[in-house]
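As structure tokens, the structure follows; a few thoughts come after it.
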Amino acid sequence: IFNKHFGVPVKVINDVNLSAIGEKEFGIGRGYSNFILVRKSAGLKAGIILKNRLYQGESRAAGEIGHSIISIMENGEMVQKNAESYLSLTAICDRIASKLSEYPNDIFHSITGGNPENVTIDNIVKVLGIPSYVNNYIAEAGQMFGYLLVNIVTVLDIALVILSGEITKLGNYFI
């Protein structure tokens, strides 16, 4: 339909893969033959460049790193979860929001007015580096994300990891 309407060839591809191609051709990925671009916002995805080409896999689902299984401690027990359910920014905000009422004297409680709906990345950024329970959650999520990336980098022999999306707002506190 698009070919006919626009009169030119049209190819459909997801946004993260397009971002990886863009970085390969015009951005920080120039000069690297093997790298991944990870976008961590509501979800957790990666565009993978291997041997200078976008790698999509047999079912064209390569890069869905949010479906990777990670092990975490929860209520004193080691449990397995898919990475996206624990490491996406939505999941991080939800975990921080669920603890908001437990810390009524925390500066983050003041910033959010004690309202879990006000737990956003922009509000989280306001307390990074200031004593707050939020910093522990960000550090823990960053550590788990690091473990996930180490496995990907090791298995695929990646030379560069590019982080994009809202995760970049967390800066070095997360990384």
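The values are calculated or read from the model by the stated rules, or taken from the named source; none is laboratory data. The shown structure was predicted, so the numbers you read here are calculated from the model rather than taken from an experiment. As a convention, Cβ positions derive from the backbone with ideal geometry for all residues, glycine included, and neighbour counts pool all protein chains shown. These area figures cover heavy atoms from the full protein model, side chains too; ligands, DNA and RNA do not enter into them. Shrake-Rupley method; radii C 1.70, N 1.55, O 1.52, S 1.80 Å.
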**Report entry** Bins of 10 Å, starting at 0 and running to the largest distance - Cα pair percent for the stretch 92-175
**Finding:** 17, 46, 24, 11, 2
Query - 1.4 Å probe accessible area per residue over the stretch 72-175, in Å² - result: 54
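Probe radius 1.4 Å, ligands and nucleic acids ignored: give me the carbon and sulfur share of the accessible area of the stretch 27-175 as a rounded percent.
Its accessible area is 50 percent carbon and sulfur atoms.
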Query - Relative pair counts by distance (%), Cα atoms of the chain, 5 Å bins - result: 1, 8, 15, 18, 16, 14, 10, 8, 6, 3, 1, 0, 0
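Taking square-rooted eigenvalues a ≥ b ≥ c of the alpha carbon gyration tensor, is the stretch 1-46 rounded, prolate or oblate, where a/c under 1.5 means rounded and, failing that, a/b exceeding b/c means prolate? Mind showing how you got there, number by number?
Details: a/c = 3.74, a/b = 1.62, b/c = 2.31.
Oblate shape, in that a/c is at least 1.5 and b/c is the bigger or equal ratio.
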Query raised in the report: Based on Cβ point charges of +1 for Lys and Arg and -1 for Asp and Glu, what charge dipole magnitude is obtained for the chain about its Cα centre, in debye rounded to the nearest 20?
Result: 740
Requested in this report: Could you pull out every whole DSSP H run in the chain that spans at least 15 Å of Cα extent along its own axis and averages -0.5 or higher on the Kyte-Doolittle scale?
Outcome: 15-26, 133-156
Requested in this report: Mind grabbing the accessible area of Ser19 for me, 1.4 Å probe, Å², rounded to tens?
Outcome: 30
Requested in this report: Using only protein heavy atoms and a 1.4 Å probe, report how much of Thr90 is accessible, in Å² to the nearest 10.
Outcome: 70
Query raised in the report: Between the stretch 122-174 and the stretch 31-66, how many Å separate their Cα centres?
Result: 18
